[in-house]
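The block underneath contains the structure these notes are about, expressed in structure tokens.
The values are calculated or read from the model by the stated rules, or taken from the named source; none is laboratory data. Being a predicted model, the structure only gives us computed values, none of them experimental. Glycine gets a Cβ as well: all are built from the backbone with ideal geometry, and neighbour counts include every protein chain shown.
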Amino acid sequence: MSNPKITTGSSRQLLGISPAPHLHSGLKTGTIMLITSAALLPAWFLTMYYYGFGCLWQFLICAGTALVCESTAALLRSRSIFDNLLDYSFLVTALILSLTIPPLTPWYLTVSLTVFAILFVKQMFGGLGMNIFNPAMAGFVFLLISAPSVVFNTVLTPSDGAYQTATLDATYEIIFKENSPLPLQETLKELSYPSHVDEISGATFLESLKTARKAGGDNTLVHVDFIESNYSPYLYLALAYAFGGLVLMGFRIIFKRMVLVFALSIIVFSSLGKLYFSDVVMPPLQQFLFGGTMIAMFFIITDPVTNAGTAKGRITFSILCAFLIVLIRAFGSYSDSVAFAVMLSNAAAPLIDVLTRRRSFGSRFKREG
Amino acid sequence: MELDKQRHKISAGKIWKFFGGLKLNDLKNTSADRILDLKLPNLITLPIDRHLGTGGQVLVTVGERVKRGQQLTAPDSQNSNLVPVHASTSGTIMSIAPQVLPHPSGFSGECISIRPDGLDESIEPKPLSRWESLDPQVLIARIREFGIEGLGGAQFPTAAKLQSALSESSPDYRLLIINGCECEPMVTCDDRLIQEKTSDLLQGIRILKKILNPSEVLIAIEDNKTEAIDSLRAAINNMRSSTGECIGTLRVLPTKYPQGAARNLIKALTGIEVPYNVHTSKLGIVVQNVATVYAIKQAVVDGLPLDSRVITVAGDSLKLNGNIRVRLGTSVRFVLNNFKLKPEFHQRIILGGPMMGFTLPTIDVPITKSVNCVIAPNSSDLPPRNNQHNCIRCGRCARVCPSRLVPYQLYALSKASNHAKARQCGIADCNECGCCAFICPSELDLTAQFRREHAIQKVINELEQRNAVAKERMAAHEARVRLEEEKKAAKRAAALARINRQKSESTDSDKQQDPVQNPQEAASRQVSGGRSAQAQEQTELKISRIIKAKEADAAESMAAEAAEQPAQPEQSTPTLPYNLKRTAAPKHVPEYHKWTAPLKHVPDLTLVGIEHSELKSVELPTKTPEALLSTRESSEPAKPRLPEALKKNSTLKHKR
Ligand code: SF4
Ligand code: SF4
């Protein structure tokens, strides 16, 4: 050979070989997920306070099932289980699920929706990072579609001191022993609206709005004052989510502009809607405080995986999502629309990615100077 | 109008922002260390491959004694991109043979080794006196002859850059940018050079100004080098007050990685994004590193060729850190020994900065002009990377990429061997700055993958070029064949027409004199009619002549064809037979990629860690017949290699 080559094989034993760059920012996926989980905790505790301990059980079921599912998936794909779990994404999914599904959902439904979320929505597409749909939202939609009556019967009305009524024992009986959730539901409702129970037909405000809308009535039936005690839980929960969101922003984990644009679009779309379809569209403040808007704004649409890629894409994504939330809330047949809106936007994300492709370096280049 | 505005903004000192980039921790703890001279090593190794070109010559022989500054090679005179190599100390030529080069894969190349005699005798320096009055071309020639190349890392020949700026850009607006950014963490050699050699630098800038006659000179420096800024500012003011000459304007830029990359720097200073496929010098923008400017000054004013450079030696595995001036060709091992290396297990030795440098597979490699830093980190200093996770599409990489790419997308495409798509998405614009891999929370080796992808893209380009050439030749050949066939057909038709005409003519004449129509019958009557027999003979002769001519024609064309066929391999590269059209299609055509020719030409890829299977989607159009031909062309030459390889394998197995 005229040109002998030195192979790296022999020398690799002596010197370390690693690709450039040799520096790293230090922010890792696992850390991101852990911080996200921590940021959810205030809202989670508040939920427990206002909805009782159902939430805790749901979280335990979700997390346990997710753990098993992730491990199974890791085994099936012959990856290291440890590595697979260390990204902690299952934790975030479990937390969000426990916050979105009705607190009294029977355990078998929770298990199956978690299995669906983790195995089918996430792992079947290739695991973390490859899933098209947000697993938590997909799991929730799974529940909504497959067991609407259960959802209707197990949602609770937030009320001060619900943790005293919906105790660990009481919720355990309902979730695991299949006791009827209805008495508890009624109690909480009475607790929440001591004066005008009859005005509210559903367990949640959105539910009753929907019913009213379907009946053709005006949905601005109640004047909602969030400082007043029976609606204040919504306000405090929203504040808790916002606090978590601010923490995430502080750690630069979520993309600020996206959140801002989302909030702005909700305001714009709902005000516009209020102008033209005043009987079906809720005013901006109610849009924010009822249902899952706040958690969506800070924790769900900001999920990097199921989002568009670039900054421009993300902003487009959040506008689309806000629009869908307002639209489906006004004209859809389910009580809340966040999950559907998020999933629809998820589906549109690849398209957004294509449409918002960034210009290449120097493409604006002209011969000058 | 817009142009003027832009220029006005530039001279007004506006500083633009370039997209992406990172604010990194400086880690520049050697910026207070004076540049020291490293003692002479006991071996100097000077790589010469890239300085020779095809027609270059080595001017020395083994055993010859050389002095410092003596020219060792004469580059190919056709190629103005090449510069000669000079001895960096006095000594004896030990060998002219392949040695390991500073390359991430430990490639080797032709090198001249010198054993220094310790006297360090140098040849007489040849300063250009009164260079101010010389022609720019003379100065450029000097810069080339004295071996000056970009010392910032790219090692682009300075003379070629200046020449192209002179000849290809309009003289009415030229911009000279002196790059003192040094954006890489840990590296401080340029910083120190500015601090210590300020006046020499200004001299160098004056030389460059003399050559280029720029409308504007910008000296860019990042705001974390306060001392360098101070000394530069003082020197510029000094010069202005003493000679009245304004050497240029100092631009203090906010620190941001990778500002030192030419295109990002141009963007920051001028707001112009120069695409990656356009040379900046063609626009009249010349970016020169401060170390290069210093070398230019030395070459022109002091008459010393480029034979040493300043490097930073840093890292926690070394007892000492600092900046040193080393002779080119000193081995990394010698440098590290002098800085008291205490190696840890699997010690990494990084050549270049921590962001773009590469780890060396062996430390017995020479320091070349492109090396600005040697780092020997330990695992707490620059922690090694952990496991890679899945990409979570967080988009951080896209936000920091200064080339406006979407790295996670490119990564996925490249991993999936979708090279055509990767090219579409702009892999060529990636300058391997490492920002994306730095920020990636999943710790993906994005930049490493892009490096690999670049290598693959290079192979694909070569392949495509070859295919294009082959196709062209094939088309030319087909056109020629067609033309000849047409000619033949025309001749044949003409001949036939002539025969028919003559036939009818002769029969006509026969008819006139003889009622018999059949020429054979006429021949049988030869005896009876002398005149008609004569006519008959004539026609027969004519016919036979025509037939003979036709036969000769056919033979000629066949001969031509025959001559053509052996001639083809001569015209083409021997690996590509062009008469494939006539051979039966090989049965394995759909799988041609398994044994394609490129593999033969890039055995090196394995060293970079490229699997041959990654080349499988080297896409060749398969629809058109020409394309089919070209695929066959590329599949054909590899065919005979298959059994060989198999044989080898089987013998190996037997041995075991
Ligand atoms: S930074 Fe890493 S994890 Fe985030 S999108 Fe880019 S490649 Fe994926
Ligand atoms: S390495 Fe390439 S893709 Fe990554 S940030 Fe730098 S230029 Fe962009």
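Observations on the model:
- If you check B:Leu201, B:Leu218, B:Leu232 for being closer than 25 Å to B:Val83 by Cα, out of contact with any Cys (no Cβ under 8 Å at 6 or more places or on another chain) and not polar (S, T, N, Q), only one passes: B:Leu201.
- Inside region B:276-295, residues that are among the aliphatic types (A, V, I, L, M) and touching a strand residue (DSSP E or B) at 6+ places or on another chain (Cβ under 7 Å) make up a count of 6.
- The set of residues from region B:378-397 being touching a residue at least 24 places away in the same chain (Cβ under 8 Å) and facing another protein chain (nearest Cβ under 7 Å) comprises B:Leu382, B:Pro384, B:Arg385, B:Asn387, B:His389, B:Asn390, B:Cys391, B:Ile392, B:Cys394.
- Some residue of region A:69-82 being within 29 Å of A:Phe152 (Cα to Cα) and in a helix (DSSP H, G or I): yes
- Complete set of residues in region A:103-121 that are in a loop (DSSP other than H, G, I, E, B) and surrounded by fewer than 24 Cβ atoms within 10 Å (Cβ to Cβ): A:Pro106
- Condition met for A:Thr171 (at pLDDT below 90, of a type in the set (S, T, N, Q) and not in a helix (DSSP H, G or I)): no
- In region B:216-237, the qualifying residues are those that are among the β-branched types (Val, Ile, Thr) and crowded, with 18+ Cβ neighbours inside 10 Å, and the one that is farthest from B:Ile140 (Cα to Cα) is B:Ile229.
- Of the helices (runs of 4 or more DSSP H) contained entirely in region A:273-369, those carrying at least 1 residues that are over 18 Å from the mean Cα position of the chain (by Cα) and within 14 Å of another protein chain (Cβ to nearest Cβ) fall at A:311-331, A:338-355.
- The condition of being touching a helix residue (DSSP H, G or I) at 6+ places or on another chain (Cβ under 7 Å), without any contact (Cβ under 8 Å) to a residue 24 or more places away in the chain and either within 30 Å of A:Leu27 (Cα to Cα) or not assigned by TED's automatic domain parsing to the domain that holds B:Lys256 (or both) holds for only one of B:Cys440, B:Cys436, B:Cys425, that being B:Cys425.
Condition check ((1) touching a helix residue (DSSP H, G or I) at 6+ places or on another chain (Cβ under 8 Å); (2) among the hydrophobic types (A, V, I, L, M, F, W, C); (3) surrounded by fewer than 16 Cβ atoms within 10 Å (Cβ to Cβ)) across all residues:
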site	(1), (2), (3)
B:Asp120	no, no, yes
B:Ile123	no, yes, no
B:Ser129	no, no, yes
B:Arg144	yes, no, no
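- When A:Met124 is tested against (1) part of a helix (DSSP H, G or I); (2) touching a residue at least 40 places away in the same chain (Cβ under 8 Å), only condition (2) is not met.
- Checking region B:411-420 against the condition returns no match, with no residue being at the interface with chain A (Cβ under 9 Å from one of its Cβ atoms) and either over 30 Å from B:Val313 (Cβ atoms) or more than 12 Å from ligand 2 (Cβ to nearest atom) (or both).
Residue by residue, here is whether (1) under 30 Å from A:Leu188 (Cα atoms); (2) surrounded by fewer than 21 Cβ atoms within 10 Å (Cβ to Cβ) holds:
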site	(1), (2)
A:Tyr241	yes, no
A:Gly244	yes, no
A:Val261	no, yes
A:Val280	yes, yes
A:Gly292	yes, no
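- For first residues located in region A:83-94 and farther than 22 Å from A:Gln58 by Cβ, partners that are modelled with pLDDT under 80 and not charged (D, E, K, R) and lie 6+ apart or on another chain with Cβ distances below 7 Å form the pairs A:Asp83/B:Asn387.
- Evaluation of B:Ala448 against (1) within 16 Å of ligand 2 (Cβ to nearest atom); (2) touching a residue at least 12 places away in the same chain (Cβ under 8 Å) (one fails), failing number: (2)
- All of (1) within 15 Å of ligand 1 (Cβ to nearest atom); (2) free of Cβ contacts under 8 Å to residues at least 12 places away in the same chain hold for A:Gly16 with one exception: (1).
- For region A:152-168, filtering for residues that are assigned to a helix (DSSP H, G or I), touching a residue at least 24 places away in the same chain (Cβ under 8 Å) and not aliphatic (A, V, I, L, M) leaves 5.
- Against the numbered list (1) buried (at least 16 other Cβ atoms within 10 Å of the Cβ); (2) closer than 22 Å to B:Val301 by Cβ, B:Asn213 comes up short only at (1).
- If you filter region B:319-348 down to residues that are part of a strand (DSSP E or B) and over 24 Å from B:Ser31 (Cβ atoms), you find that the one that is nearest to the other protein chains (Cβ to nearest Cβ) is B:Gln347.
- Some residue of region B:1-24 being within 13 Å of another protein chain (Cβ to nearest Cβ), over 30 Å from B:Asn337 (Cβ atoms) and hydroxyl-bearing (Ser, Thr, Tyr): yes
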